[in-house]
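Just below is one structure, and these are the notes that go with it.
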Amino acid sequence: VPHDDLRLVYEPIAIRNTEVSNRIAVSAHETRFAAGSTITADLIAYHLERAKGGVGLIVLEAATVHPSSMLSNNPYCLSAFDDAIIEGYRRLMAAVRPYGTKIFQQLWHGGHHYGPTGGGPPRGASAVPSPVLGTPAVPIATAEIPEFVAAFADAARRCIEGGLDGIEIAAAHSYLIHQFLSPMTNTRTDEYGGPLENRTRFLVEILAAVREAVGDEPALGVRVSAGTTPGTIGEDELALVSRQLADAGLIDFLNVSHGDYFAPHLAIAGMEREAGYQLPSSGRVAPSSLGLPRLVAGRFRTLEKAEGALLSGAADLVCMARAHIAAPDLVRKTREGRADQVRPCIGCNQGCIGVIAGWDLRTGCAVNPVMGHEATLSEALIGQTDRPRRVVVVGGGPAGLEAARIAAIRGHSVLLCDAAPTLGGRLAVARNAPYLGEIYAVADWCEREVRRLGAEVRTSTAMDASAALAEEPDVVIVATGASPRPSGVLAAAPGTPVEGIDQAHVLSSVELFTEGDRVRGKRAVVCDDIGHYETVAVVEELLQRGLDVTVVTRFPSFAPTADRTVRTIPARARFAQSGRRFEVRPGTLLSRIGDGSCLVFSVEGAETIDADTVVMVTHRDATNGLTAGLRAVGAEVHVVGDARSPRDLQTAMREGHLAGRAIA
Ligand SMILES: Cc1cc2nc3c(=O)[nH]c(=O)nc-3n(C[C@H](O)[C@H](O)[C@H](O)COP(=O)(O)OP(=O)(O)OC[C@H]3O[C@@H](n4cnc5c(N)ncnc54)[C@H](O)[C@@H]3O)c2cc1C
Ligand SMILES: Cc1cc2nc3c(=O)[nH]c(=O)nc-3n(C[C@H](O)[C@H](O)[C@H](O)COP(=O)(O)O)c2cc1C
Ligand code: SF4
């Protein structure tokens with residue numbers, strides 16, 4: 001739907017007695033900005049930024065209702081089982097109310113996926129092990145069910161006492177209630193197991209108890225998702241559950257997601273999926289005949305696409321979670337006719353879900369360095385400098401682009417130079433990889449912004465220290481990136497570099513995408529010393545070119561960092577369908593590359609693997625040669641991104657951003 005025709009997205013909608021001002025929602029997403037039952041200043045600032053951005057409804061991240069389950073097993077999990085949270089909700093609502101955004105709380109218990117902090121087995125519907133912990137749950141005894149039902153009701157009461165507008169019960173994504181619904185995880189023989197009517201009983205009792213606890217006014221709904229694993233609850237049974245809850249008047253809205261912990265890539269798909277990819281499933285689970293507001297999700301990044309979903313009748317509100325992580329102001333800017341200024345979520349899953357799945361850290365965003373730091377770094381707080389300076393940015397990859405953008409916002413006079421004919425740096429290479437094209441959207445956006453803000457851009461302009469100084473800069477930002485490492489040094493054996501890398505059939509990951517005609521033969525070895533995105537891209541490219549691929553890696557599994565972003569699940573399915581052989585040799589070190597074969601070592605000993613082409617995915621060397629010359633004359637210099645230390649997009653964006661702010 002073209003921008004000028006947007007209509008439905010801006011229409012208000014009533015959910016029970018709650019008037020939501022437009023049809024865009026931010027669905028629940030764990031941030032790790034909470035601290036148990038303390039609603040932190042960071043969490044408030046985070047949601048305030050999105051409320052100011054014009055979104056109609058925010059569903060706060062899963063809050064546990066019972067100490068027997070802490071999300072991600074960590075203390076940052078929002079905990080609604082303590083009255084202490086009420087005061088925090090009041091502070092949050094006081095901040096957000098003036099902007100009109102309605103706030104619901106998702107109430108959650110993780111069941112067999114997550115136990116209490118500090119150890120102890122997880123609780124669940126039945127003694128089925130979870131793919132997260134692998135530990136069979138201690139089944140909730142029939143006599144204990146009222147305690148868990150009451151936990152949901154008590155938590156709901158706290159939300160409403162805190163001034164929230166509504167409650168969403170988490171019955172999706174194979175968490176506790178979903179475990180009751182699904183015959184795969186519910187093998188009970190009491191009245192909560194067996195036929196669908198029994199498996200739904202726990203949810204029905206929770207909804208009735210919550211309504212009783214919160215009274216008539218607040219909105220109450222459920223989030224559900226159909227699984228795809230054999231034996232779980234799928235779309236047909238879930239549609240019956242939806243119908244039952246709607247007909248019984250137990251819910252005021254239904255939020256339909258897709259997938260679960262057995263197929264997480266369906267819930268939070270990466271770049272390989274289009275906006276609206278969940279609609280076929282949500283349409284079957286929640287047809288319009290249900291007669292209540294239905295929320296859908298799934299890679300919606302623009303209001304144009306959201307309008308399309310609303311127009312089709314498949315949804316009444318559209319959730320845009322990651323789109324708002326990347327761009328809190330997307331509704332407001334689009335409404336003001338500035339949709340092209342909205343920072344795009346690129347579906348990389350690195351800073352958001354990739355962090356949750358991998359590390360005990362706060363979430364972030366690969367393209368939005370402010371995410372999680374709104375209280376101090378919100379772009380609305382950037383003031384015009386009273387000392388405009390001449391800023392020369394050398395290198396127009398993501399780090400340089402973001403530095404130039406922020407410096408220009410502050411009112412500095414900015415010159416951005418890049419040696420290449422196009423901007424984007426390594427992203428201009430990465431976008432040539434299969435299923436990675438969208439990564440370039442952030443460079444595209446940043447370039448548009450830099451030009452709009454009046455910075456001067458010179459492409460095909462390489463700069464050394466004297467060329468930079470000839471521009472008479474007050475400040476130089478060195479964002480010159482990194483180059484493939486020609487030395488063959490690997491992290492696990494830096495003292496014994498790989499022999500033979502100086503041959504025509506040995507390529508770096510960058511050369512694979514820029515000098516692809518050097519690929520030869522039918523068998524490739526990929527030496528992966530990094531364990532993430534580049535390896536996925538390289539393997540996919542080689543398989544598409546018709547080569548068999550063996551990955552030789554020091555890691556215990558294939559691309560473990562990318563794995564956390566759920567990018568490897570669909571990628572490996574594609575590898576399997578490529579018709580070529582794909583093999584991983586974990587815990588293996590490349591030692592020597594010959595003409596047609598490679599010598600590798602593992603604890604099992606030495607082995608020779610046939611290889612007509614070898615691709616080295618190794619740590620790059622920072623290119624920052626001009627820094628010394630600049631510092632020698634006392635210039636103010638900031639070295640950012642891969643030029644500082646070769647890493648990834650998120651660190652490049654963050655350091656560029658901070659350098660743009662730090663200009664004295
Ligand atoms: C195939 C591939 C896939 C990747 N996939 C991912 C991914 O999925 N996720 C992720 O986070 N990261 C990924 N990366 C890594 C990511 O692209 C880089 O980490 C990121 O681009 C670094 O940004 P940067 O701005 O610091 O440097 P660069 O992007 O390298 O930009 C540096 C720029 O400086 C310019 N330059 C250099 N010297 C000079 C000079 N003397 N004068 C003027 N200009 C100069 C260069 O032309 C270049 O444009 C991938 C990389 C590759 C190669
Ligand atoms: C970092 C992160 C955390 C999430 N946490 C939750 C959660 O607590 N509860 C939930 O129902 N969904 C959760 N989700 C799923 C989102 O609500 C949403 O359904 C999903 O990201 C797809 O929508 P999107 O493409 O608009 O991001 C999470 C997603 C992300 C990226
Ligand atoms: S980290 Fe990537 S997927 Fe997550 S919100 Fe940011 S751009 Fe989108």
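The values are calculated or read from the model by the stated rules, or taken from the named source; none is laboratory data. The structure displayed is predicted, hence computed values, not measured ones. Cβ coordinates were reconstructed from backbone atoms using ideal geometry, including for glycine residues, and neighbour counts include every protein chain displayed.
Entry remark, segment 311-328: residues being touching a strand residue (DSSP E or B) at 6+ places or on another chain (Cβ under 9 Å) and within 16 Å of ligand 1 (Cβ to nearest atom) number 1 in total.
The single condition from (1) at pLDDT 95 or above; (2) under 30 Å from Y440 (Cα atoms); (3) more than 16 Å from ligand 3 (Cβ to nearest atom) that N624 fails is (1).
Is it the case that some residue within segment 332-351 is surrounded by 21 or more Cβ atoms within 10 Å (Cβ to Cβ), touching a residue at least 24 places away in the same chain (Cβ under 8 Å) and away from ligand 3 (no atom under 16 Å from the Cβ)? Scanning segment 332-351, I find at least one residue that is surrounded by 21 or more Cβ atoms within 10 Å (Cβ to Cβ), touching a residue at least 24 places away in the same chain (Cβ under 8 Å) and away from ligand 3 (no atom under 16 Å from the Cβ), so the answer is yes.
Every condition in (1) part of a loop (DSSP other than H, G, I, E, B); (2) crowded, with 21+ Cβ neighbours inside 10 Å is met by D82 except one, and the failing one is (2).
Enumerate the helices (runs of 4 or more DSSP H) found wholly within segment 208-301, keeping only those where 1 or more residues are within 26 Å of A327 (Cβ to Cβ).
On the way: elements: 235-247, 264-267, 279-285.
Result: 264-267, 279-285.
Hey, does segment 378-394 have a residue that's without any contact (Cβ under 8 Å) to a residue 60 or more places away in the chain, within 16 Å of ligand 3 (Cβ to nearest atom) and not basic (K, R)? Yes, segment 378-394 contains a residue that is without any contact (Cβ under 8 Å) to a residue 60 or more places away in the chain, within 16 Å of ligand 3 (Cβ to nearest atom) and not basic (K, R).
For D610, state whether it is surrounded by fewer than 22 Cβ atoms within 10 Å (Cβ to Cβ), farther than 22 Å from A441 by Cα and either away from ligand 1 (no atom under 16 Å from the Cβ) or basic (K, R) (or both). Yes, satisfied.
Within segment 401-448, being within 16 Å of ligand 3 (Cβ to nearest atom) and acidic (D, E) holds for E402, E438, D444. Considering (1) touching a Ser or Thr at 6+ places or on another chain (Cβ under 8 Å); (2) surrounded by fewer than 19 Cβ atoms within 10 Å (Cβ to Cβ), the lone condition that N255 does not fulfil carries the number (2). Inspect segment 148-162 for any residue being in contact with a Phe, Trp or Tyr (Cβ under 9 Å, 6 or more places away or on another chain), under 21 Å from Q179 (Cα atoms) and modelled with pLDDT under 95 and give the result as yes or no. No; the residues of segment 148-162 include none that is in contact with a Phe, Trp or Tyr (Cβ under 9 Å, 6 or more places away or on another chain), under 21 Å from Q179 (Cα atoms) and modelled with pLDDT under 95.
Considered as a group, the residues in segment 636-654 that are of a type in the set (D, E, K, R) and in contact with a strand residue (DSSP E or B) (Cβ under 8 Å, 6 or more places away or on another chain) include one that is surrounded by the fewest Cβ atoms within 10 Å (Cβ to Cβ), and that residue is E636. Take L512 and decide whether it is within 25 Å of Y435 (Cβ to Cβ) and within 35 Å of the chain's Cα centre (by Cα). When the stated conditions are applied, L512 passes them. Close contacts from segment 309-321, counting a first residue that is more than 24 Å from G270 (Cβ to Cβ) and a second that is in a loop (DSSP other than H, G, I, E, B), with Cβ to Cβ under 8 Å and a gap of 6+ residues or different chains, come to L310/R23; L310/D316; L311/V1; D316/R23; D316/P293.
Which residue out of V442, V391, V429 is of a type in the set (V, I, T), at pLDDT 95 or above and near ligand 1 (Cβ under 9 Å from one of its atoms)?
Numbers: V442 fails: near ligand 1 (Cβ under 9 Å from one of its atoms); V391 fails: near ligand 1 (Cβ under 9 Å from one of its atoms).
Testing whether each residue is of a type in the set (V, I, T), at pLDDT 95 or above and near ligand 1 (Cβ under 9 Å from one of its atoms) leaves just V429.
Looking at G119, G115, just one residue is under 21 Å from H173 (Cβ atoms) and at pLDDT below 95, and that residue is G115. Of the residues examined, L649 is not one that is in contact with a Lys or Arg (Cβ under 7 Å, 6 or more places away or on another chain) and within 23 Å of S509 (Cβ to Cβ). Within segment 235-291, the set of residues being within 16 Å of ligand 1 (Cβ to nearest atom) and among the small types (G, A, S) comprises A269, G270. Counting only residues that are more than 11 Å from ligand 2 (Cβ to nearest atom) and farther than 15 Å from A443 by Cα, segment 331-361 holds 13 of them. Scanning segment 341-357 for residues that are in a helix (DSSP H, G or I) and within 13 Å of ligand 1 (Cβ to nearest atom), which turns out farthest from A559 (Cα to Cα)? Here the answer is V355.
Quick check on G308: is it away from ligand 1 (no atom under 16 Å from the Cβ), of a type outside the set (D, E, K, R) and part of a loop (DSSP other than H, G, I, E, B)? Outline the logic, then answer.
Numbers: away from ligand 1 (no atom under 16 Å from the Cβ): yes; of a type outside the set (D, E, K, R): yes; part of a loop (DSSP other than H, G, I, E, B): no.
In short, no.
Screening R564 on (1) within 16 Å of ligand 1 (Cβ to nearest atom); (2) within 30 Å of V476 (Cβ to Cβ) shows it passes everything except condition (2).
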